[in-house]
1. Can you pull out the residues in the range A:313-331 that are small (Gly, Ala, Ser) and either in contact with a Phe, Trp or Tyr (Cβ under 8 Å, 6 or more places away or on another chain) or within 12 Å of chain B (Cβ to nearest Cβ) (or both)?
2. Looking at the range B:143-155, which of its residues are more than 20 Å from the chain's Cα centre (by Cα) and not in a loop (DSSP other than H, G, I, E, B)?
3. Please report, ordered by residue number, the helices (runs of 4 or more DSSP H) entirely within the range A:37-155 with at least 1 residues that are within 30 Å of A:Asp223 (Cβ to Cβ).
4. Return the residue satisfying two criteria in turn: it lies in the range A:387-405 and is touching a Pro at 6+ places or on another chain (Cβ under 7 Å) and among the aliphatic types (A, V, I, L, M), and of such residues it is surrounded by the fewest Cβ atoms within 10 Å (Cβ to Cβ).
5. Determine, yes or no, whether A:Gly290 is touching a residue at least 12 places away in the same chain (Cβ under 8 Å) and assigned to a strand (DSSP E or B).
6. Among B:Gly216, B:Gly115, B:Gly168, which is the only one that is within 14 Å of another protein chain (Cβ to nearest Cβ) and either surrounded by 17 or more Cβ atoms within 10 Å (Cβ to Cβ) or on the phi > 0 side of the Ramachandran plot (or both)?
7. Is it fair to say B:Leu258 is closer than 30 Å to B:Ile157 by Cβ and surrounded by 24 or more Cβ atoms within 10 Å (Cβ to Cβ)?
8. Filtering the range A:71-90 down to residues that are closer than 11 Å to A:Gln155 by Cβ and at pLDDT 70 or above, which residue is surrounded by the most Cβ atoms within 10 Å (Cβ to Cβ)?
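The values are calculated or read from the model by the stated rules, or taken from the named source; none is laboratory data. Because the structure is predicted, anything quoted here is derived from the model rather than measured. Cβ: placed from backbone, ideal geometry, glycine included. Neighbour counts: every protein chain shown.
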Amino acid sequence: MSHSPDYLLSVQGLSKSFAGVRALDQVQFQLRRGEVHALMGENGAGKSTFMRILVGLETADAGEVLFEGRPLKMDRQSLRKEISMIHQEMLVVPELTVAQNIFLGKEKKRSLFGFLPGFTNDRTMSAEAEVLLQRLGLELHPDTPMKYLSVAQMQMVEIAKAISNDAKVLIMDEPTSALSDREVAALFTVIEDLRQKGVAIIYISHKMEEIYQLCDTITVLRDGRYIGTRPAAELDKNQLIQMMVGREINDLFPASSARPGEVLLSVRGLSRSGKFINITFEVHRGEVLGIAGLMGAGRTEIARALVGLDKPTAGEVYFKGVLTPIDSPREAIRRGIGYVSEDRKGFGFIPALSVVHNLTLSSLPRHRRGLFISTPSETSAAEAMIRELRIKVAGPDQKVLELSGGNQQKVVLGKVLLTDPELIILDEPTRGIDIGAKQEIYKLITRLTEAGMAVILISSELPELLGLCDRVLVVSKGRQTALLSKEEITQETIMKHAMEFSKPADLLLNEE
Amino acid sequence: MKNTVTAYFNRSAERTVVQRRSIGKYGLLLAFILLCVLLSLLTPRFLTVANLTIIVTQVSINALLAFGVTFVILTGGIDLSLGSMVAVTGVVAATFAHPDTYPLVVPIGVGLLAGVLFGALNGFVITRSRVAPFIVTLGTMTIGRGLALIISKGRPISNLSDGFNFIGGGHLFGIPFPIIILLIAFGVCSLILNKTVLGRYIYAIGGNEQAARASGIQVSRVKMWVYTISGLLAAVAGIVLTSRITTGQPNAGVGFELSAIAAAIIGGTSTSGGSGTMAGTFIGALLIGVISNGLDLLNVTSYYQQVVMGAIIIGAVVLDGLNRKRL
């Protein structure tokens, strides 16, 4: 295939290696003006590397990139104005205002008293920022400090910043992962608007629904290679998954033979001021209890209170029938309650430690012989877990930071499993990981419950809750709105109860 | 079992990981050896048993402090009170070390206890108040200096027993006693860091404190340990120093914390915590000692030595940063 003039961006034969490992191998890619183009692939397929090369954060080893028919230099690290990336992790200065962030590095200048140069012209920047924000439909004062903004608003500001740079290509990497449904809708409106104005958008997401709702074209990468480009309308979900994983995945959710047994955990009237109130439920052995709700409904906060990361202000927790106050994560682990946080980087693993040392971190005293850690005991436990969870590592001493998202998540899971928990709380366990790893985690959940363990699954993905849970607790604005039985679990009932209390919650307890 | 595991491993990736490690790990040692070779070519007096013994003896106090502060820095903290702890523990030990008063174990025991208590106080305030270690130990640095002056009434405490003076000035099997203490301390510290649960927790907390807590580690307890160990090692250094100069000096140890921190940093300890080794710190301390000894032998005045030392601290960290980036 050769370069064609109709394309805004045309990539041919792009290759990149890291330390002898091929990250990208002869990748091609064509982007039209005003199109939303999905870039799909499992974790480690090379999407991020590709995008980092496009924006100039990384250099390419070989290949050609034409932008509006002119070649872009790919051998030098320099940020490009025409191509902007909205990062997964926000790159904002929290103490500066919205306007100051938008104009960071290209401040409007003025002279003081007409002769002292080098002062910033805040008024002009504010005014221009306001115009930009209005264009994006954002009701935000440009002088608001960035730190008061929600994640969604910060993302919009990042988009405003990119537009102020006259970016013609916008790259969005998992832009909705931290947004509520309403914020997602607002983002999609903005994307539609940008598309009308001729901006091309490269959209990276693991969420199939979004891809099909938004995108015109889909390009798939696998193991650093170009697999193909199709119009979204001509590619059904199963074909797309097949392109991504190179094999067919049918039964995403495995059949389970687990039977709910005795009550393991009983929570009565659990509350934490300002976060959630009066949560009451039970979890049985061999059961998967889902917790559903919108972003900010208090799901993670409930989990954190159950595992001792936060202190509840009221309520009782009975574990195995005994009143069990849990005031620290250590206490939770000792009692047999494991927690896998939604925030893998923040609460999950220690980046500088090896895979083995991360795996055994919570169960280390078990490998102590006398004063010292027994390396054989520790290594064999970790290696058994590496095998059981099929964690793909270059070696047991590899640092967790170097692993793909899915494998990092498996390490965190493995760490919790090595403490022999009886109840395991999984908070968004499949966020940001590829479909292959997702399926493995689903299988693992099923295996655990079949072995008599109880699982609490917090998820924003309704298919996950539908496919795995025996019962679902729905929360909205910190209140429990439903406890659905297996027969009652449908997308509609969950959403209906998740949207109860349209007014902001008037929590009965005061903020401490 | 080993084979099934390696079946998952990607061979080429495995090799690159090993290669990377060795460059970072042995770069410092290589620089150290090169420096020694260079000095022995420049001056014949450098590579003699007598001179090398002098270097290690002189390094011993800084190295003891550096071992302690390495634990602290690994958790992401800092201990600025080291120099003051040296003075307090030295003065306390000297008070009980006059000839024909108490048996030798008393000055040693009381001195070490003073260090442990001081270090534990640092740890207690840091974990309870959640004030930054930099601020807390800046405060206790001043408090400690004051305490040393109060205890000694502002005067040096001399007339110490021969037994006490052996600690810093004696020889065992022809080896200066401070060197023996130094080697034992190095062995014990390395074991703590590499082989014990505490050592692993120290790395974990420095790497990601939140994740460490969520993994069930009692973060405050580990930090208490770390500052207490730092205090204990400062006490060992304080006793060795007092014994060597045969006087309890309330003004001793001013600025020692900075040399100790420099040794740890030159040795590759990350200032943000989570990575570093005892061996690195040891080499860092030796490097500082060899450079100052070498400059002495080359008749460079001590004013210039300070300039050189400062440049080396910055250079070491810059090189370390470049090295990391290349990886």
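1. Filtering the range A:313-331 down to residues small (Gly, Ala, Ser) leaves A:314-315, A:321, A:328.
A:Ser328 - this is the single residue of the range A:313-331 that is small (Gly, Ala, Ser) and either in contact with a Phe, Trp or Tyr (Cβ under 8 Å, 6 or more places away or on another chain) or within 12 Å of chain B (Cβ to nearest Cβ) (or both).
2. B:Ile143, B:Gly146, B:Leu147, B:Ala148, B:Leu149, B:Ile150, B:Ile151
3. Values: elements: A:47-55, A:98-102, A:122-135.
Ranges flagged: A:47-55.
4. Within the range A:387-405, the match that is surrounded by the fewest Cβ atoms within 10 Å (Cβ to Cβ) is A:Leu401.
5. Yes, satisfied.
6. It is B:Gly216.
7. No; evaluated as a whole, the condition is false for this residue.
8. So, considering only residues that are closer than 11 Å to A:Gln155 by Cβ and at pLDDT 70 or above, the one surrounded by the most Cβ atoms within 10 Å (Cβ to Cβ) is A:Ile86.
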